[in-house]
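Each remark here refers to the structure printed beneath this line.
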Amino acid sequence: VPYIFAYSPALLAVGSWREVLLASGTAILGVLFFSAAVQGYLIFAAGPAARLLYGAAAFGLLMPGLWTDAAGAALASAAWLLPAKGDPSGRGAGPGVERPGEAGARAPG
């Protein structure tokens, strides 16, 4: 990742402000999704399918070009819409947080 600027000179602030802003934004998102793919966690725990999608999204966002950026954003959106790992109800409470009515949850009182 330290040499990602070799793919896009705009990351070195060479080009118009729009090119620099777009390249910087997509590079930041690409690194974020790469981290999610490697760590298996982005706000919520990610399952294997989400991790693969985050990895592909990172690749698309880190490569220069509007089509690859759009594909990366679409893949990241698809990964985000997958249910969180171990949470069949979708994206509710994060890992380690019990919901009322679950085993081990204390009743109010």
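Looking at the structure I just gave you, is residue 59 open to solvent by 80 Å² or more (accessible area, probe 1.4 Å), in contact with a Gly (Cβ under 9 Å, 6 or more places away or on another chain) and at pLDDT 70 or above? Show your work before the answer.
Values: open to solvent by 80 Å² or more (accessible area, probe 1.4 Å): yes; in contact with a Gly (Cβ under 9 Å, 6 or more places away or on another chain): yes; at pLDDT 70 or above: yes.
Against the criterion (open to solvent by 80 Å² or more (accessible area, probe 1.4 Å), in contact with a Gly (Cβ under 9 Å, 6 or more places away or on another chain) and at pLDDT 70 or above), residue 59 qualifies.
When you check residue 6 against the structure, is it farther than 30 Å from residue 83 by Cα and surrounded by 17 or more Cβ atoms within 10 Å (Cβ to Cβ), yes or no? Lay out the reasoning, then the answer.
Values: farther than 30 Å from residue 83 by Cα: yes; surrounded by 17 or more Cβ atoms within 10 Å (Cβ to Cβ): no.
The answer is no for residue 6.
Are any residues in the range 15-39 modelled with pLDDT of 90 or more and either outside any helix (DSSP H, G or I) or in contact with a strand residue (DSSP E or B) (Cβ under 9 Å, 6 or more places away or on another chain) (or both), and if so, which ones? Break it down stepwise before answering.
Going residue by residue through the range 15-39, those that are modelled with pLDDT of 90 or more are 16-39.
16, 32, 33, 35, 36 - these are the residues of the range 15-39 that are modelled with pLDDT of 90 or more and either outside any helix (DSSP H, G or I) or in contact with a strand residue (DSSP E or B) (Cβ under 9 Å, 6 or more places away or on another chain) (or both).
If we keep just the residues of the range 45-56 that are in contact with a helix residue (DSSP H, G or I) (Cβ under 8 Å, 6 or more places away or on another chain) and open to solvent by less than 50 Å² (accessible area, probe 1.4 Å), which is farthest from residue 7 (Cα to Cα)?
46
Select from the range 9-44 the residues that are touching a Lys or Arg at 6+ places or on another chain (Cβ under 8 Å) and small (Gly, Ala, Ser) and write down the one among them that is surrounded by the fewest Cβ atoms within 10 Å (Cβ to Cβ).
40
The values are calculated or read from the model by the stated rules, or taken from the named source; none is laboratory data. Given the structure is predicted, the values throughout are model-derived calculations rather than measurements. Cβ: placed from backbone, ideal geometry, glycine included. Neighbour counts: every protein chain shown. Ligands, DNA and RNA are stripped out before the accessible areas are found, and what is left, the full protein with its side chains, is counted by its heavy atoms. Shrake-Rupley method; radii C 1.70, N 1.55, O 1.52, S 1.80 Å.
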